[in-house]
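Report on the structure given below.
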Amino acid sequence: MTRLSIALTASALTAAAGAVTGCAGLLGFEGTNDLAVTELDVSPGVLSPAFDPAVTSYTLDVPYATAALQVSALSSTPSASMTVAGAPLAEHVQLTVDATDQLALVATSTSGVSVTYTIDVHAAEFGIDFAPVTTATANGMSDRIVAGDIDGDGKMDLVISGIGGPGLSILRGDGAGAFATATVSASDGPIAVGRLDENPAADLVLGGGELQRALADGSGGFGAFELAKNASISVTSVAVADFDGDHHADIAFGTFGSVRIQMGDGAGAFVDGPILNGPMSAARVATGDFDGDGTLDVAAIDPASSSIWVTFAPMTASPHMRAIPSGSNTAFVVADFDGDGRADIAVAHNQQDSVEILTQIDGTAEHHAQVLVGPQPVALAAADFDGDGNIDIAVANGGGSPMMTILHGQGTGDFVTKAFPLTLPVHNFVAADFNRDGHADLAYTTVSNTICILRGKP
């Protein structure tokens, strides 16, 4: 809690003022009780109580990290002078001042008499915080990470791909934020989880040199890997979603020159679906309803062309694809950041130390906004970390000391940021509620075999 005292000096409202006024006419001075500050506005924030010249004590609640205040005031006497922090304040003109510990608004009559009003300014807390980091262990150097309930026990688990390691690591959650590790023999590659059959446990999709799927066995493991596409193809990214509305999970996967969709039958088998030509290298794919028509669209990040490719209505005979220029994109995440019910995109710009927020995306245009996030953003995760109903973004920062930046969503597409130091650098993120307290947590890989868990504080 930050307290900022603002001293406001205005007309004399004391018994002595009457005595001064009594001789003012004889001496040729202006009467002091003719002077008053009739209007006062200080923003941002909420002044409590509403300004009244007879009230001398106020509070002002301002947002987190407020660096400046805007002050405007109106005097009842045109000849009176007003200053804020020594700077002249003209009537009907807003003056911007630094939010220092103390500010003084001085309204002075020609007789030189004044009275002080005091405002205590309370800066809001950031609103998002995490418990000290805990760790789990993968079976080798860790790369990508996804979360899902792979054993059907209602507790979130983790699946982690390796870097030249012995296979996939399965970290079964205990529902309190701790994990036990097992290994699945499989090649490295992009991974996704989702229900591919009627079993309530999450199944696994694996890319790489082929598109494969493995059905959950109900006890925390998986059955045999089988081809989800009967062809050898380089799979650079995977996502699971129901594209055709038949309540069966489908697979979108990126490859060189296109994004492709495999249609699921609800029993773990797949047939070829649409081929969406465009991206040179679909490094990541994600899904969302970007245009608000009630059907899922597909987005792919393409570092080779410095673009994000969005395909609207991919299951129709004439899907519409757009390439949105996105600069040096290193990662992206899809969620509704402005609360309009449509999916938006956040994309990390490693070279610009920023995250770009794309909202109001449709077939012809979108709105762009840049948020500075610290050095070299390399990974993103989106979730409501404080339970306020607005989506926030976790940003992994590369370079220098390990840290992440949290973008606290305001529900309008705007964000307030705060940096959090970390013990180990982030390689890839995933957000989920690992300890079942109703608040989103974070898990991240570190390239080493250490997996870090950050539990969100209620």
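The values are calculated or read from the model by the stated rules, or taken from the named source; none is laboratory data. As the structure is a prediction and not an experimental result, all values here were calculated from the model. Virtual Cβ from ideal backbone geometry, glycine too; neighbours counted across all protein chains shown. Quick note on the areas: whole protein, heavy atoms, side chains included, nothing else; ligands and nucleic acids left out. Shrake-Rupley method; radii C 1.70, N 1.55, O 1.52, S 1.80 Å.
Can you work out which of the residues in region 88-138 that are in contact with a helix residue (DSSP H, G or I) (Cβ under 9 Å, 6 or more places away or on another chain) and not polar (S, T, N, Q) is modelled with the highest pLDDT?
This residue is 112.
Yes or no: region 29-49 includes at least one residue that is over 25 Å from residue 113 (Cα atoms) and at pLDDT below 85.
No, region 29-49 has no match at all.
Give region 343-394 a look and list any residue that's surrounded by fewer than 16 Cβ atoms within 10 Å (Cβ to Cβ) and part of a loop (DSSP other than H, G, I, E, B), or say none.
The answer is 351, 352, 362, 363, 364, 365, 375, 387, 388, 389.
Tell me whether region 333-350 contains one or more residues that are charged (D, E, K, R) and at pLDDT below 95.
no
Residues of region 189-203 being more than 16 Å from residue 270 (Cα to Cα) and surrounded by fewer than 20 Cβ atoms within 10 Å (Cβ to Cβ), which ones?
199, 200
Every residue, every condition in (1) under 18 Å from residue 331 (Cβ atoms); (2) crowded, with 18+ Cβ neighbours inside 10 Å; (3) touching a residue at least 60 places away in the same chain (Cβ under 8 Å), yes or no:
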| site | (1), (2), (3) |
| --- | --- |
| 230 | no, no, no |
| 249 | no, yes, no |
| 255 | no, yes, no |
| 262 | no, yes, no |
| 266 | no, no, yes |
| 275 | no, no, no |
| 307 | yes, yes, no |
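Can you tell me which residues in region 36-68 are touching an Asp or Glu at 6+ places or on another chain (Cβ under 9 Å), small (Gly, Ala, Ser) and surrounded by fewer than 17 Cβ atoms within 10 Å (Cβ to Cβ)?
48, 57, 67, 68
Select from region 218-242 the residues that are at pLDDT 85 or above, hydrophobic (A, V, I, L, M, F, W, C) and in a loop (DSSP other than H, G, I, E, B) and list them in ascending order.
Listed by number, the residues that qualify are 224, 225, 228, 233.
Run down 293, 340 and say which single residue is part of a loop (DSSP other than H, G, I, E, B), of a type in the set (Asp, Glu), within 28 Å of residue 198 (Cα to Cα) and open to solvent by 30 Å² or more (accessible area, probe 1.4 Å). Reasoning before the result, please.
Values: 340 fails: within 28 Å of residue 198 (Cα to Cα).
Only one candidate passes the filter, namely 293.
Take the conditions under 17 Å from residue 214 (Cβ atoms), in contact (Cβ under 8 Å) with a residue 40 or more places away in the chain and among the acidic types (Asp, Glu) and apply them to residue 157. Does it pass?
Working: under 17 Å from residue 214 (Cβ atoms): yes; in contact (Cβ under 8 Å) with a residue 40 or more places away in the chain: yes; among the acidic types (Asp, Glu): yes.
So residue 157 passes the test.
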